Structures are given as C-alpha cells and as structure tokens.
Amino acid sequence: MFLLPFRHVLFDVSRREPVRAICNSKWLWIFSFVIVCFGPSLAFARDRLADHVTIYRDHFGVPHIVGDTEEATFFGYGYAQAEDHLEKMMLQYMDAEGRLSEVLGARALGQGYLHFIPYEYRWDGDYLQRLLRTYQGVVDNRKKIDPQTYKILDGFARGVNEYIAEHRARIPDWIQPITPEIIEAEERSNYFRFYSINEALVKLTNLPEDFPSFGSDQFAVSRAKTTEGHVIHFEETHMPWANRFQNYEAQLITPGKLDAGGISWFGSPFFLDGFNDRITWSATWNFPNISDVYEEKLNPQNPLEYLYDGQWKKIKVVKETFNVKGPHGRRSVTLNCYYTLHGPIVKVDRKGHRAYSVKLPNFDGVNYSTNLFRLMKARNLQEFKLALELHLMPRWNLLYTDAHNIYWVDNATVARRAPGYDWRKPVPGWTGETQWGPYFPLSALPQLLNPPSGFIQNCNNPPWLATKNSGINPLSPAPYFQMDKIGPQGGKEQLNPRGERLLKVLGRDRKFS
C-alpha cells in the first residue's frame, strides 16, 4: 500500500481499514484506504470543521473526502491540497495578489513592458496583476460573491490555514493564512492572465509572444453508437507537469448534496473536468474573440487626457506599491496604473500621442468560482446550461454527458460589436460606436445536442468540425466571433491531426466500446 507521510498529530494514521467501497450510479470505486481521522486537541485552536470531515487516501494517494456539510468537505479539500502542494498553491495565490515579487524578486515584478512567458502560458508580472485589479477587484466587490459560494471558499481557505497552523514551525515565513477573497482572485487570475488578456494583447503588434503548442482532446459517443448502450465520455488534458496548470485529482462527497470527482488546478477548490453522480463534463481550449484593444488619442498638451466623443477625459491613475525581494532584503517600488473608460492601459506611444487600453469580458466579475461550483452541482442538462447562461466563464469548449444525452457548446463571453471595424485589430477608442453591446446569449453560440452522427469531438478545432455534417455556420453568430478570420465555408484544413483522426474514426459506420 502506498502511504503518504502524515507527519503531524492532527491525523491518526494508526487506524487502517484494508478495503472501503465508495460508489455512485456511474462508477464503483474499490480502494485500499488509509482512514484519516481528526484526532485530539492540539496547541493551536483547531477549526470546528475539522470534526466534521474525513479524508481517505487510496493507494495512489488521491484524496476522497467525506464531510457532514459542503463547507466541511471543502475544508478537507483545502487541507489535502495543502498537505500535498502547499508551496505551489501559495505561489499561485501570491501571484493573484500581485505579490509574487516578495518571494521571487524583481523577475516576478515585470520588465517594464508586457512580455509573454511561454512556460507559464501567461503574460508577465505583479504589475499586470495590479493593473488588472485581480485581487483588489474581489475585495471591492466582496458582497457580490454568491453567499453559498463564499461559504465554500471560506471552508477551503480554513482547511489550508489549518494545515499551515499545524505545521507552522516547518513552513517558510512567507507563507501566511489565506482568505476566501484570495481564492476567488486566483480564479479571476486564471481567466484574466491566461484567457482574456491574451486575446487582447495578441492584437497589438511588436509585443513578443511565443505561445507553445498545447491543447486537450475530448469526445463523446451516444448510446446508439456503443456496443453496451451506454454513453462514452473521454477527456485528455495536455498540460505540463510543473507549472501553474498542474492537475490535482480528488473526490468530494457530502451525503445528499454532493458526490463529485475530477481535477482542479493547484489552489482551486473546483473541478474544471469532472463528474458527479448524474453528469460528466470536460473542457478543451477554444479560440473565441472575447477581448479587445482600443487605440486612445492622447491630448498633446496633457498626456493624462484622452479623447472620447469629442471631449477630453481624464485618465484614471492608481499608485501601486510593491515590496520586491532583493539580496539585502525587500525594497519598496511604487508604479502607476492607468485606466480609460475601456479598461487598463497596456501600452503608450508618447511620440504618436497614442495609448492602448484593453477591454475584457466580465472584468468586474467576482463569481468565477460560482460558475465552476454550479457545474459541479448540476444534476441535468438544464441546470448545466443555466450555469453557463450567467456568462461567468469567458471561454472553453464544454462537453456534457449524462445517461441519455451528449451535448457540446463553443462557450464564450463575446459581446455584440458594431459593423465596419476589424475586431481582430485595435479599434478606435475615441468614438462611442466601438462600445460593446450585450453578450451573445448561450442559445446563440455554436452547439450540438445528440447529433445524428452519434458523436461529438473537439481537439481545439473550430466548432463547425465538432462532428460529421455538423450544420454549424462558420460565421455564426457573428463574423468576428472567432479569433481567426474565416470564410463562410470554414474548411477542414483548420483541423489538427488529433481532430482529423477522431472525425475519421468516430465517423465510421460501426459501434464502439
């Protein structure tokens, strides 16, 4: 039996049961378990939630967490993640707060211009996190977080903090207790830094980017196309072993309320790919045109003013102070962040009297966690769609299955935009004509439900190639919806080898098992 080293008195590993079975309507899991029970009182004040959750470890070390309440279950999940990957989690949280330079030094602050970090799949620096108000936006809008979601964030944070308190003497000083707001900021950070800001900044020229080749595969086969008469759902994530998107596997159970398994990224309480006792869902990277760059005209007499609809408006200036680690301790660095009505300014051309600001979907949103939690809780396709209709998740190809249905949507938070502009390049910021309209509703997005072909696949390919004879219009719901410029016929040449192979194999007139 594989046993993780529990070097503490909070868990009593002397109690063992050779076999325990946990099952649901989809899977029967039988494992050799180490029963992990919260033990006697310690010198520090133990959290009351510790008495209402049990963590089971299978022989692979994967945690299976059973709590009396959902709050207690996520408390256990926070503890388990911290036990396995505390420092990597905390680096993610420091990054989301725009404080990573306190630990890693000046290289984490940013280099004075925005550059892309290929290995991290993101644009750089604490400065950018502060500019995007990733953490401060959560603090300012704390009351807008869904109350039930906040309880889950709080439970997870308390579990992490319990582990920190228990092991304080052996943990680096820079690791400090976290709050629910920090976790929500981490979810915002994933969408801002990896998803939304990238689509905006690639529209600017002369900004270095070396985006690596990566992606994921997913497919579903209907009951009628399988030998056993059961739906098949497959997902394969293509992520590195050692960066911000490492996967952490777990199962979370609150009897009568939650029974879900799946994978989270380090520091996240929620499953992007997973299943519960009724449904399965998975995500692959897609390419919607969700963000924009606005070219702003600056006042030659006052560079802190920009033109909008014939009037000069003041640029908002916010000072941010960073405590940057150095060879002789930390030094204080104060930098200005600049904003127009469109959003943060990411580039300035002083000679040409131009600035460039970015507009991101759901920029003030603080319910990224709510969307993920509701997907985990969904019991059927209707509830799954209801979560997506809130526009809390800016992107992803999302594949859904249950006992009877296969469903896929090219999910994206894309605004309606005025005709006559090239929305794949910077657009004029001095006219109200380029302001965003409402987001396209879920019903308008490319999607498939139980297609006649009997299968759906997406390996980071265009939506109209999600199945054989999909019937999806490449220019729907708007010509600018996709990042790549396409013609009305789309074209199979946009398939990658993975998608081409799946279309060929699953399109055969046969059944699969």
Where residues in segment 183-200 are under 22 Å from Leu104 (Cα atoms) and of a type in the set (A, V, I, L, M), which of them is surrounded by the fewest Cβ atoms within 10 Å (Cβ to Cβ)?
Ile183
Give the number of residues within segment 474-502 that are out of contact with any Phe, Trp or Tyr (no Cβ under 7 Å at 6 or more places or on another chain) and either at pLDDT 95 or above or not hydrophobic (A, V, I, L, M, F, W, C) (or both).
18
When you look at Ser332, is it polar (S, T, N, Q) and outside any strand (DSSP E or B), yes or no?
no
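Each row is one residue, and each column tells you yes or no for (1) open to solvent by less than 20 Å² (accessible area, probe 1.4 Å); (2) in contact with a helix residue (DSSP H, G or I) (Cβ under 7 Å, 6 or more places away or on another chain); (3) within 23 Å of Glu184 (Cβ to Cβ); (4) assigned by the TED database to the domain that holds Pro63.
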site: Glu249; (1), (2), (3), (4): no, no, yes, no
site: Gly274; (1), (2), (3), (4): yes, yes, yes, no
site: Asp309; (1), (2), (3), (4): no, yes, no, no
site: Lys313; (1), (2), (3), (4): no, no, no, no
site: Thr321; (1), (2), (3), (4): no, no, yes, no
site: Pro327; (1), (2), (3), (4): no, no, no, no
site: Arg330; (1), (2), (3), (4): no, yes, no, no
site: Gly343; (1), (2), (3), (4): yes, no, yes, no
site: His353; (1), (2), (3), (4): no, no, no, no
Can you tell me how many residues within segment 163-182 are more than 24 Å from the chain's Cα centre (by Cα), open to solvent by 30 Å² or more (accessible area, probe 1.4 Å) and among the β-branched types (Val, Ile, Thr)?
0
From the list Arg379, Arg374, which residue is assigned by the TED database to the domain that holds Pro452 and out of contact with any helix residue (DSSP H, G or I) (no Cβ under 9 Å at 6 or more places or on another chain)?
Arg379
Kindly indicate whether Ile456 is out of contact with any Ser or Thr (no Cβ under 9 Å at 6 or more places or on another chain) and among the aliphatic types (A, V, I, L, M).
no
Taking segment 357-379, which residues are of a type in the set (Lys, Arg), farther than 16 Å from Ser196 by Cβ and not in a helix (DSSP H, G or I)?
Arg379
Segment 284-315, residues that are of a type in the set (A, V, I, L, M), within 30 Å of Leu465 (Cβ to Cβ) and assigned to a strand (DSSP E or B)
Val293
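The values are calculated or read from the model by the stated rules, or taken from the named source; none is laboratory data. On a predicted model such as this, the values are computed, not experimentally measured, just so you know. Please note: Cβ atoms are built from the backbone with ideal geometry, for glycine as well, and neighbour counts cover all protein chains shown. Note: areas computed on protein heavy atoms with side chains; ligands, DNA, RNA excluded. Shrake-Rupley method; radii C 1.70, N 1.55, O 1.52, S 1.80 Å.
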